[in-house]
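Participant: Quick one: structure below, then a few questions.
The values are calculated or read from the model by the stated rules, or taken from the named source; none is laboratory data. Predicted, not measured: the structure shown is a model, and the values here were computed from it. In this analysis, Cβ positions are derived from the backbone assuming ideal geometry, glycine residues included, and neighbour counts consider all displayed protein chains. Areas reflect the complete protein model, heavy atoms only, side chains present, ligands, DNA and RNA absent. Shrake-Rupley method; radii C 1.70, N 1.55, O 1.52, S 1.80 Å.
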Amino acid sequence: MCGIIGYTGTEYAKDIIIEGLSTLEYRGYDSAGVALGGDSISIYKKSGRVSQLNDLIPNSFSKIGIGHTRWATHGAPTSRNAHPHLSFDGTIAIVHNGIIENCDVLKKEITSRGITFQSDTDSEIIAHLLALEDQSNMVQAVENVAKKIEGSSSFLAIRKGDDNIYCHKKNAALTIGIGLDGNYIASDMLALADHTKKGIVLSDDETAILSKDSVSVYKDGVKIKKQLIDISCKPPKICPCYMQAEIDEIPTALQNTYDSFYSTIKKECIEDIKKAERIAIIACGTAYHAGLYGKEVIEILANKPCEVYIGSEYDRARFISSKTFAIFISQSGETADTLAAVNRSKELGAKTLSITNVANSSITFLTDYALILEAGPEIAVAATKSYNSQLLMLYLLANELAGKKVDKEVVKKLAEEAAMLSTHSIFTESMAKDNLFFIGKGIDELSAMEGALKFKEITYKMAEAYPAGELKHGTIALMDKHCTVIALATNEKDKQKLTVSVSEIKARHAKTIGISAVGEIGCDISLFLPKLSDPLLYPILSIIPMQLLSLSTSFHLGINPDKPRNLAKSVTVV
Ligand code: AGP
């Protein structure tokens with residue numbers, strides 16, 4: 001959710017922290033703040049964007065700092081609630097990513113000591129608790145505080161008159177970057193990309209102390225050895241609209257996903273999946289929709305029973321055991337609900353595979369096997385190219401389970417067609433006013449669900465996905481001239497049924513737009529998809545016009561599609 005960054009070294013910290021926060025802004029952007037340390041601690045924070053915060057901060061000689069860009073959980077997105085938070089005695093500043101579940105109990109304990117809270121956040125608790133600890137042993141102090149906190153809590157702290165950054169990781173990711181000019185820590189490797197290629201990924205319940213020339217990591221009070229790994233990643237290029245750029249990158253992403261699958265998939269993984277009695281796919285949001293597609297292709301091609309669960313609902317999955325093979329799909333690899341599902345599956349004995357877009361992410365570390373999409377960094381909050389890549393990865397996996405290798409030419413053709421489709425628009429101005437419905441049958445209904453999610457996320461308008469044949473059982477009551485219906489038809493066997501649904505909708509005066517691979521289905525306007533070798537591949541293409549129409553509607557409404565209200569790219573709270 002929130003983005004956090006820290007630096008201690010020989011360079012001035014202000015610019016490093018601000019730059020890092022700009023990279024991390026896609027994780028949360030309702031407010032931001034910086035604490036610059038040294039002999040004293042200066043805090044600058046503001047509701048709104050990082051660029052506005054930068055204007056607030058005077059030039060500073062401080063060479064240690066921490067910064068935060070927020071997605072509000074406790075307390076409104078105001079300057080007062082923005083991080084960093086200062087301890088009651090002004091000696092400690094903290095930034096925090098997570099949710100303190102026992103916040104009320106801890107707040108009561110702290111206020112009973114006569115301490116007044118300066119914000120409505122749960123995070124401020126950490127600053128006060130640390131200041132109340134015996135600070136002659138900071139590792140112990142940090143660990144004591146971490147133990148008092150229930151929930152997900154990764155935090156950084158700096159002290160007055162001290163050049164060290166004290167860090168603790170619980171659930172939300174933290175990566176340390178080892179630089180020539182000092183040491184860095186961030187919630188996302190992308191924020192370290194300009195500074196170093198070497199780093200350490202902290203695991204849960206680890207505490208780290210960063211000085212300008214050393215890094216020490218501890219667990220349960222004992223110093224531990226951590227592996228130095230390659231954390232290099234391509235920082236995303238600056239562009240006016242990331243979502244547009246990411247849709248344009250779909251053809252490249254697909255080809256990279258193809259190469260990544262065949263160079264990474266392990267025989268043992270395929271064997272383990274084949275041995276399992278059932279497959280469970282767990283994911284959230286867009287990745288969940290990809291999971292629904294995964295079920296279809298795995299059941300159809302590999303003839304294996306497969307259930308799909310929304311991450312936050314996975315506690316309802318009752319038959320997970322050592323006979324289950326669990327597949328987790330997550331663009332970021334950090335989604336807290338999916339992460340919790342990984343842990344639960346492992347506890348219940350299931351073998352696990354992750355499909356993420358971020359190597360070295362928490363979920364990839366935890367699973368037995370990992371596949372990386374290699375779609376390239378995705379910055380826009382609304383997932384686009386990662387979804388297309390997830391579908392392709394699942395298609396390749398299902399074929400592999402069926403003992404078939406997909407020819408590279410198939411994906412090359414798919415990528416070419418995806419590039420062609422990116423130039424077609426089905427946007428009409430009425431979409432910005434109307435209620436939208438996305439309908440389809442079979443596998444197309446899943447694409448409709450993703451189409452509707454995209455539309456809601458970046459236009460703030462009501463949109464609903466429906467199985468075409470189910471409309472007449474109630475929802476058709478909503479149809480009138482104020483509705484636009486996007487009808488998907490990619491399967492010859494469903495053509496007749498879709499045609500009937502469209503005529504029922506038209507009879508109620510709603511506007512209809514078809515996305516069809518089976519010719520005319522009677523819509524007012526139609527976009528025809530090119531012929532593909534396998535109809536199961538259509539969802540990889542049919543989503544593109546829907547991604548584009550959401551984007552055009554968002555522009556039309558004057559919304560910034562990259563940073564829609566109330567959302568954040570990586571949802572690291574449950
Ligand atoms: C996608 O457009 C959304 N922003 C959101 O639903 C996202 O897919 C979901 O939060 C899961 O994220 P993940 O893929 O990083 O796990």
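Participant: Report, to the nearest whole %, how much of the accessible area of the chain belongs to carbon and sulfur atoms, 1.4 Å probe, protein only.
Facilitator: That share works out to 50 percent.
Participant: Right, another one. Taking a quarter of the surface of the convex hull around the Cα atoms of the chain, what do you get in nm²?
Facilitator: Computing the convex hull of the Cα atoms and averaging its projections yields 25.8 nm².
Participant: Could you give the dipole magnitude of the chain about its Cα centre, charging the beta-carbon of Lys and Arg +1 and that of Asp and Glu -1, in debye to the nearest 20?
Facilitator: Details: 62 positive and 69 negative charges, 96 e Å.
Approximately 460 debye in magnitude.
Participant: Over all alpha-carbon pairs of the stretch 268-375, lay out the pair-distance distribution in 10 Å bins, whole %, shortest bin first.
Facilitator: Histogram of Cα-Cα distances, whole percents per bin: 17, 54, 28, 1.
Participant: If you count only protein heavy atoms with a 1.4 Å probe, what accessible area per residue comes out for the stretch 1-71, rounded to a whole Å²?
Facilitator: I get 35 Å² per residue for the stretch 1-71.
Participant: If the only charges are +1 at each Lys and Arg Cβ and -1 at each Asp and Glu Cβ, what is the size of the charge dipole of the stretch 94-175 around the Cα centre, to the nearest 20 debye?
Facilitator: 60
Participant: Something else now. Tally Lys and Arg at +1 and Asp and Glu at -1 over the other residues with C-beta under 10 Å from the C-beta of residue 314: what net charge comes out?
Facilitator: Details: positive: 316, 344; negative: 313, 315, 337.
Local charge sum for residue 314: -1.
Participant: Additional query: Provide the per residue accessible area, probe 1.4 Å, for the stretch 104-172, rounded to a whole number of square angstrom.
Facilitator: Heavy-atom accessible area per residue stands at 40 Å².
Participant: Along Cα→Cβ, 7 Å out, is where each label goes; now give me the distance between the ones at residue 52 and residue 275 in nm to one decimal.
Facilitator: In this crude label model, residue 52 to residue 275 measures out at 5.6 nm.
Participant: Let me ask something additional. What distance in nm separates the two pseudo spin-label positions at residue 214 and residue 39, each 7 Å out from Cα along the beta-carbon direction?
Facilitator: Going from the residue 214 label point to the residue 39 one covers 2.6 nm.
Participant: OK, next. At q = 0.10, 0.12, 0.21, 0.23 Å⁻¹, what base-10 log of I(q)/I(0) does the Debye formula yield for the stretch 46-124 when every alpha carbon is treated as an equal point scatterer in vacuo?
Facilitator: The computed values of log10 I(q)/I(0) come out as -0.27, -0.39, -1.07, -1.22.
Participant: Got the relative contact order for the stretch 46-145 handy, in percent, Cα pairs under 8 Å and 6 or more residues apart? Let's see the in-between values first.
Facilitator: On the way: 107 pairs, mean separation 25.1, N = 100.
Reported as a whole number, the value is 25 percent.
Participant: Moving on. How high is the relative contact order of the stretch 282-397, given as a whole-number percent (alpha carbon pairs under 8 Å, six or more residues apart)?
Facilitator: That works out to 26 percent.
Participant: Once each part is reduced to its C-alpha centroid, what is the distance from the stretch 222-266 to the stretch 82-144 in angstrom?
Facilitator: First find each Cα centre; the distance between them is then 36 Å.
Participant: By how many degrees, between 0 and 90 and to the nearest 10, does the Cα long axis of helix 538-556 differ from the longest principal axis of the chain?
Facilitator: Once rounded, one gets 60 degrees.
Participant: How much net charge surrounds residue 48 when only other residues with a Cβ under 14 Å from its Cβ are counted (Lys, Arg +1; Asp, Glu -1)?
Facilitator: +4
Participant: Quote the charge dipole size of the stretch 172-294 about the Cα centre in Debye, to the nearest 20; the model charges only the Cβ of Lys and Arg (+1) and of Asp and Glu (-1).
Facilitator: Magnitude of the dipole: close to 320 debye.
Participant: Can you give the angle from 0 to 90° between the axis of helix 285-302 and the longest principal axis of the chain, with both taken from C-alpha atoms, to the nearest 10?
Facilitator: That helix lies at roughly 50 degrees to the long axis.
Participant: OK, next. Compute the separation of the alpha-carbon centres of the stretch 401-440 and the stretch 274-312 and state it in Å as a whole number.
Facilitator: Distance between centres, Cα-based: 21 Å.
Participant: Okay, moving on. Hey, if you put +1 on the Cβ of every Lys and Arg and -1 on every Asp and Glu Cβ in the chain, which of 498, 243, 560 ends up farthest toward the positive end of that dipole?
Facilitator: Toward the positive end, the furthest listed residue is 498.
Participant: Follow-up question, since we're still on this one. In degrees from 0 to 90, rounded to the nearest 10, what is the angle of the helix 138-148 Cα long axis to the longest principal axis of the chain?
Facilitator: Rounded to the nearest ten degrees, it is 50.
Participant: Enumerate the lysines that residue 472 could reach by cross-link, defined here as Cα to Cα under 18 Å, with residues fewer than 8 away along the same chain left out.
Facilitator: Correct list for residue 472: 441, 481, 495, 497, 506, 511.
Participant: Hand me the chymotrypsin sites (Phe, Trp or Tyr not before Pro) from the stretch 304-377 located in a DSSP loop with no more than 14 other Cβ atoms within 10 Å, in residue order please.
Facilitator: 319
Participant: Would you calculate a helix-derived [θ] at 222 nm for the chain, using -39,500 (n - 2.57) for each DSSP H run of n ≥ 4 and dividing by the full residue count, to the nearest 500?
Facilitator: Estimated from H runs of four or more residues: -10500 deg cm²/dmol.
Participant: Let me ask you something else. Which Cα, out of 123, 78, 96, lies furthest along the positive dipole direction of the stretch 73-128 (beta carbon charges, K/R +1, D/E -1)?
Facilitator: Result: 78.
Participant: Here's a follow-up. Between residue 475 and residue 303, what is the label-to-label distance in nm when each label sits 7 Å out along the Cα-to-Cβ direction?
Facilitator: 3.4
Participant: Per residue, how much accessible area does the stretch 387-454 have with a 1.4 Å probe, in Å²?
Facilitator: On a per-residue basis, the stretch 387-454 sits at 35 Å².
Participant: Let me ask something additional. If you wrap a convex hull around the C-alpha atoms of the stretch 168-301 and split its volume per residue, what is the figure in Å³?
Facilitator: 185
Participant: Over the stretch 471-521, how many percent of alpha carbon pairs lie in each 5 Å bin up to the one with the longest distance?
Facilitator: 5, 22, 31, 23, 14, 5, 0
Participant: Roughly how much of residue 424 is accessible, in Å² to the nearest 10, using a 1.4 Å probe?
Facilitator: Here the residue's solvent-accessible area equals roughly 80 Å².
Participant: Can you tell me, using C-alpha contacts under 8 Å and at least 6 residues apart, the relative contact order of the chain as a whole percent? If you can, show how the numbers build up before the last one.
Facilitator: Numbers: 1362 pairs, mean separation 69.3, N = 574.
12 percent.
Participant: Amide H to amide H, which residues 5 or more places from residue 486 or on other chains are under 5 Å from it, using H placed in the peptide plane?
Facilitator: Long-range HN contacts for residue 486: 437, 438, 439, 513.
Participant: Turning to a different aspect of this structure: State the answer as a single residue: which of 164, 379, 366 lies farthest towards the positive end of the charge dipole of the chain, with beta carbon charges of +1 for Lys and Arg and -1 for Asp and Glu, about the Cα centre.
Facilitator: It is 366, whose Cα lies furthest towards the positive end.
Participant: Which FRET efficiency value, to the nearest 0.05, is calculated for residue 533 and residue 160 with the Förster distance at 60 angstrom and r the Cβ-Cβ distance?
Facilitator: Efficiency, from the Cβ-Cβ distance: 0.35.
Participant: Still on this structure, I have one more. Give me the percent of DSSP beta bridges within the chain that run antiparallel, rounded to the nearest 5.
Facilitator: Details: 59 of 100 bridges.
Restricted to the chain, the bridges split so that about 60 percent are antiparallel.
Participant: Take the Cα atoms of the stretch 391-533, find their three principal axes, and give me the spread along each one in whole Å, biggest first.
Facilitator: Taking max minus min along each principal axis of the Cα atoms, the stretch 391-533 gives 48, 29, 25 Å.
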